[in-house]
Amino acid sequence: MLSGLLNCETYELLKNYANYCQTTMQIALYNTIKPLYDQVSQNRQGMAMQTKSDDSNDISSTKTIQLALRLHVENNSKFVRGKKKVLEDIEICLEEYEDQKVGDKNYDYILTIEYETDEELDEIVYDIYDEMSSKADTRNCFIDADISTLDGERRW
């Protein structure tokens, strides 16, 4: 396009200069980015090695406990229905903890929970309570639940 307005010699000079600037800019950009790239790569390798060592430690520190859950669900009033659906919703939530129904009663379960610290176990149990309560509230019901260790040593 510019070749019609400029003579051939000027056109070639501008073209060569543009190519030179583009190449120079690419080299400058590469020289700027390369050290950053190398640093990120080293950090990732270090993190990967640290994660592998952390994983081996995590496996040994993870504990498993079985808890007994006694659950009772009731409607808020005699004009409300939804107890059966609440129980179904709660059982779906309990599947995460490998729930098992116990005995003839429909509302007794054994939950298997993995945790690392006692504080984490408390948090998991309280999350289970909250989840069950919210499921009941959405269907105008309430729950009465008791969670304890199988030996009865701890209760929530």
| message | Tell me the net charge near residue 98. Cut-off is 13 Å between Cβ atoms, residue 98 excluded, with +1 for each Lys or Arg and -1 for each Asp or Glu. | response | -4
| Counted charge near residue 82, where neighbours are those whose Cβ lies closer than 14 Å (Asp, Glu -1; Lys, Arg +1) | +3
| field | Within the range 137-156, backbone nitrogen closer than 12 Å to the virtual label 7 Å beyond the Cα of residue 72 toward Cβ | value | 143-146
| Could you give the nm distance between label points at residue 130 and residue 149, where each point is 7 Å from its Cα heading toward the beta carbon? | 2.5 nm
| note | So residue 64 and residue 116, fully extended at 0.36 nm per residue minus their Cα-Cα distance, gain in nm 17.9 nm
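None of the figures in this text is laboratory data; all of them are computed from the coordinates on show. The structure presented is a predicted model; accordingly, all values stated were derived computationally and were not measured. Reconstructed Cβ throughout: ideal geometry from the backbone, glycine too, with neighbour counts over all protein chains shown.
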